[in-house]
Amino acid sequence: MSAIDIEKVRSETPGIQVSTHLLASGSALMPQCVVNAVIEYTQLEAQFGGYEAQAQQADKLERVYSSVARHIGANTREIAVMENATVGWCHAFYALPLKRGARILTCEAEYAANYVAFLQRAKRDDLRIEVIPSDETGALDITALENTIDDDVGLIAITWIPTNGGLVNPAAEVGKIAQAHGVPYLLDACQAAGQMRIDVAELQCDFLSATGRKFLRGPRGTGFLYVKEKWLASLEPAMIDHFGAPWVARDRYELRDDARRFETWENSCALRAGLGAAIDYADQIGIDLIAERISMLAEQTRSLLAEDPQITLHDLGSTKCGIVSFSINDTDPEAVIQHMAAERFVIGASQPSSTRIDAERRSLPTVLRIAPHYYNTEYDITQAVARLRSYGFA
Ligand SMILES: Cc1ncc(COP(=O)(O)O)c(C=O)c1O
């Protein structure tokens with residue numbers, strides 16, 4: 001396994017000329033090949049019309065499913081291409097039959113979009129939401145999860161990596177428990193995709209959702225849903241159209257027999273082409289090399305920030321990912337972000353309302369986020385931390 005050719009990937013990333021972008025957890029810089037895939041596809045639509053372009057590019061568009069499937073160890077039948085992670089997640093969640101009184105088990109780091117959906121179904125279908133406590137490292141407590149399972153548990157739905165920091169929840173261990181007890185398992189892998197290896201067999205999840213624009217470096221408006229084969233025989237989407245469920249007789253539709261039953265007829269083919277290009281690009285580089293480099297840059301960031309007594313790091317977990325969260329005494333995060341932007345450094349923030357359970361438990365303020373990608377350098381990190389210090393809080 002040879003190292004990533006950093007000069008090459010940087011030369012293939014036009015945004016590097018514009019800013020030092022350190023926010024892959026928000027929306028990363030696309031490589032040129034992704035931009036080209038979107039533009040070239042759009043040009044075809046301009047020249048031939050959308051339907052004709054789609055017919056010409058049918059094989060290429062089909063290959064997007066194989067790229068997603070290969071990337072996560074699934075088969076193409078198990079993949080639905082979506083416009084974002086949330087739509088994918090919701091399709092799985094709202095389709096799942098849950099009896100009245102059923103318990104939904106989740107984690108303290110659960111993402112806001114998922115939690116409000118729990119609240120809605122809890123209200124509508126009389127379900128109970130239960131948050132599994134975290135262990136002493138801040139990760140979901142596996143023993144607590146195992147101990148609470150009974151026949152009323154209808155779903156385990158957790159976020160693997162939260163939006164607000166470096167925590168990596170034990171997603172595969174959760175999968176083992178879910179499998180052992182026959183409980184459906186829905187995994188939000190939005191921040192994991194493109195940052196680390198995803199293998200649905202190892203994770204033992206029934207459903208997995210992810211987005212294109214973050215660590216995968218795809219265009220905005222892309223994502224995917226994985227649905228384990230065993231669900232394809234029975235799972236009825238909460239809403240359908242004549243693509244996912246062709247209208248075969250006046251009084252009857254027939255669900256497609258693959259995960260595309262969750263899709264609708266109209267889509268952005270150009271963005272899909274971009275998503276496919278992004279995944280192929282990541283796989284050419286190698287996801288394990290990507291993970292290793294992100295981890296190295298994130299650790300460098302943490303150790304530099306930790307040197308400053310005015311800075312508090314907020315990352316949880318024993319193994320941390322590429323999202324570094326912190327706050328600076330007596331400073332307004334938005335003003336810090338603006339200060340960095342003026343110096344052409346892109347960092348971000350995460351509001352307590354994005355991960356309310358965790359934020360309330362730890363009394364977190366709005367935290368600042370630095371999330372380097374493999375195209376960043378150690379120099380980027382030292383310069384970013386120096387610019388932060390120049391804000392004048394030290
Ligand atoms: C953990 C997590 N889950 C889900 C999402 C939602 O992804 P999308 O905006 O693509 O729907 C995000 C976005 O920030 C996220 O961080």
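Residue ranges 217-225, 229-237, 297-305 sort as 217-225, 297-305, 229-237 when ordered by packing (mean number of other C-beta atoms within 10 Å per residue, highest first). Overall, the accessible surface of the chain at a probe of 1.4 angstrom is composed of carbon and sulfur to the extent of 50 percent. Counting only Cβ charges, +1 for Lys and Arg and -1 for Asp and Glu, the dipole size of the chain around its Cα centre is about 520 debye.
Divide the volume of the convex hull around the Cα atoms of the range 330-394 by the residue count and you get 104 Å³ per residue. For a paramagnetic label modelled on E307 (point 7 Å from Cα along Cα→Cβ), amide N atoms under 14 Å away belong, within the range 359-386, to 379-386. A simple spin-label model places the labels of Y391 and D283 4.0 nm from each other, with each point 7 Å out along Cα-to-Cβ. Across the options I149, A139, G88, the greatest Cα extent toward the positive end of the charge dipole of the range 70-164 (unit charges at beta carbon of Lys, Arg, Asp, Glu) belongs to G88. Average 1/r across all pairs of distinct alpha carbons in the range 260-359, invert it, and you get the Kirkwood radius: 17.1 Å. Given a 1.4 Å probe and the protein chains as shown, H181 ends up with an accessible area of around 90 Å². Counted residue by residue at 0.36 nm each, then reduced by the alpha carbon distance between them, the extension gain from N329 to Q17 reaches 109.1 nm. Judged by the gyration tensor of its Cα atoms, with axes a ≥ b ≥ c, the range 107-225 is prolate; a/c meets the 1.5 cut and a/b is the larger of a/b and b/c.
For the chain, with every protein chain kept in place, what is the accessible area per residue (1.4 Å probe, Å²)?
Numbers: 16730 Å² over 394 residues.
Solvent-accessible surface per residue comes out at 42 Å².
Give K60/K214; K8/K214; K123/K320; K230/K320 a once-over and call out the pairs whose C-alpha atoms are over 31 Å from each other. Those over the limit are K123/K320; K230/K320. Enclosing the Cα atoms of the chain in their convex hull gives a volume equal to 146 cubic angstrom per residue.
Please report the relative contact order for the chain, taking Cα pairs under 8 Å with a sequence separation of at least 6, and give it as a percent rounded to a whole number. Mind showing how you got there, number by number?
Details: 786 pairs, mean separation 91.1, N = 394.
About 23 percent, as a whole number.
Here the 3J(HN,Hα) profile of the range 12-25, calculated from phi with Karplus coefficients 6.51, -1.76 and 1.60 at θ = phi - 60°, is 8, 10, x, x, 5, 6, 9, 7, 8, 8, 10, 9, 5, 6 Hz, Gly and Pro shown as x. Loop-located trypsin sites (Lys or Arg not before Pro) in the range 156-214 (DSSP state not H, G, I, E or B) with no more than 15 neighbouring Cβ atoms inside 10 Å: R197. Sequentially through the range 349-359, phi angles give Karplus couplings (6.51, -1.76, 1.60; θ = phi - 60°) of 9, 9, 7, x, 6, 6, 9, 4, 5, 5, 5 Hz, Gly and Pro residues having no value and appearing as x. For the range 1-76, the spherically averaged projection of the C-alpha convex hull amounts to 7.6 nm².
Between amide H atoms placed 1.01 Å from N, distances below 5 Å from V346 occur with T20, H21, L22, all of them 5 or more places distant or on a separate chain.
The values are calculated or read from the model by the stated rules, or taken from the named source; none is laboratory data. For clarity, every value in this text was computed on a predicted model and none was experimentally measured. Positions of Cβ are backbone-derived with ideal geometry, glycine not excepted, and every protein chain shown enters the neighbour counts. Areas reflect the complete protein model, heavy atoms only, side chains present, ligands, DNA and RNA absent. Shrake-Rupley method; radii C 1.70, N 1.55, O 1.52, S 1.80 Å.
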